[in-house]
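Remarks on the structure that follows.
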Amino acid sequence: MVDVTYPRIPEADYKKAIFHLRGELLDALEPLRRYGQSEFVDGAIQEIIELAEQFSMVTRGKNTQIKLKRKYTRKAEIVHSEES
């Protein structure tokens, strides 16, 4: 495996990239809002962004896990949260 490191981009560029990612995710998940799932869309978007950041760290060589902070049941109830 080749040891490649990627420098972190400036904070302003990072925030711009997150803004664009969030906008694309909002568009992608818009159908869920139409079917009564609005309350879950914003939380799902934040979880997806955090997973994308974790994936990015792993692909840059950081020894970290890719995992959700919350686990949901089929009824979308939180059954485990690392925040609590």
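The values are calculated or read from the model by the stated rules, or taken from the named source; none is laboratory data. Just so we're clear, the structure is a prediction, and the values are computed from it rather than from any experiment. Cβ sites come from the backbone with ideal geometry, for glycine too, and all protein chains shown count toward neighbours.
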Tell me, please, whether a residue that is surrounded by 11 or more Cβ atoms within 10 Å (Cβ to Cβ), within 13 Å of the chain's Cα centre (by Cα), among the small types (Gly, Ala, Ser) and modelled with pLDDT of 90 or more can be found in segment 49-57.
-> yes
Go through segment 12-27 and give me each residue that's under 22 Å from LYS71 (Cα atoms) and free of Cβ contacts under 8 Å to residues at least 24 places away in the same chain.
-> LEU26
Here are some conditions: (1) at pLDDT below 80; (2) touching a Phe, Trp or Tyr at 6+ places or on another chain (Cβ under 7 Å). ILE66 meets all but one. Which one does it not meet?
-> (1)
